[in-house]
Amino acid sequence: MFHRSNGRPPATLNLTHTKQTGIDDARHSGLTAEERGNWILMTSDRCLCSAQCFRHAGWKNERSRVFDAMKLAGCSRNRLSAFAKCGSNVWICTVDSDPNQLALLGNYCRDRLCLPCANARAATVRSNLVDFVRNKTLRLVTLTLQSSTSPLKDQLDHLYASFRRLRHCNAWATTVTGGAAFLEITFNGKTGLWHPHLHVILESGYFHQSMLSDLWRTASRGSFVVHITLARNTDNVAQYVTKYVTKGIHTHGIPTLHKLAEAIAALAGRRLALTFGSWVGTPLTSVANPHLLTPMEPLDCILKEASHGSTTAILTLLKYGRLLHREHAPAPHPP
């Protein structure tokens, strides 16, 4: 059973805004035709009323639904507040080691359910793994469970326990050096059943699929569907991480708030990524060498200037627009 958080009324998520792009003014602001085209493309699904709207515009309707499901699942007020404020108070900063390089600091929730934060975390995991696995022999594995009508929490408990038993098998221990495993959850709208599974990157010797299937059948006590393939190169690993490893939960594929709340509750306190064997201790989501930054100007000010057709502001956003979906540190105090 799911419930709203106790205590004060739950936080609210304000998604109302008026779309502003500044492109009408920009036609006469000295931009080239290519720059105007890029600006129209950048703002096609975003408004410039605030940094927060700009960050979340691509999924604002789904974000509202996720927020409602979080309340239904009884998430804490602090978590709801952080989710609602994600992307606020963002500052454009210079990197102290290279004043020509810019970065962003802001209030980011880093919640596993927040799409921009998940994408930022995915980029970090991908970068860390690609650097770590160079010159290693790797295999990409998918471990699935038989379809079940059991609650998702019970299925996840069973999946994780099965994976622990698999790692304790002699054949696994003598073949696998280490690796990383990542949880993915999908929902079959036709059957109404959950489909939790693990995507695993293995540093190992040769593993025949039939052998792995037999090991998984024993460890999972009945499930036998597995897939294993050799990673040809680090680019292959990067593509795998991008496509599978950092998806986590597909909120848009879960049709009802009740089911989405069930998934949120089932994931509470559960690791979505884990390392094992010789990979234990490998940093997946931490930034290796964070830069020292000096705040320059609030992003909201630049967005406002751009909405009024400022050439300088528009060119700044075009040049550094890729930063707007990266996750950095908490927002600085104004200088």
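Here, each number is a calculation from the coordinates, and none is a lab measurement. Just so you know, these numbers come straight off a predicted model, no measurement behind them. Using ideal geometry, Cβ is built from the backbone for each residue, glycine included, and neighbour counts are taken over all protein chains shown.
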DSSP loop trypsin sites (Lys or Arg not before Pro) in the stretch 81-182 with at most 13 other Cβ atoms within 10 Å of their Cβ, which ones? R134
Pop out the ³J(HN,Hα) list for the stretch 57-62 in order, Karplus 6.51 cos²θ - 1.76 cosθ + 1.60 with θ = phi - 60°, rounded to Hz; leave Gly and Pro as x. 4, x, 9, 4, 5, 5
Three-way shape label, the stretch 126-248, alpha-carbon gyration tensor, a/c 1.5: oblate
Mind scanning K190/K259; K60/K153; K85/K259 and naming the pairs with a C-alpha gap bigger than 20 Å? K60/K153; K85/K259
Return the aspartates and glutamates within reach of K243: Cα separation strictly under 19 angstrom, same-chain partners fewer than 8 residues apart disregarded; answer none if there are no such residues. D131, E184, D235
Between the modelled labels at C301 and R110 (7 Å from Cα along Cα→Cβ) the distance in nm is 2.7
Would you mind calculating the gained length between N188 and S147 on full extension (0.36 nm times residue separation, minus the Cα-Cα distance), in nm to one decimal? 13.8 nm
Mind checking the full-extension length gain between N236 and R165? Use 0.36 nm per residue of separation minus the Cα-Cα distance, one decimal, nm. 22.7 nm
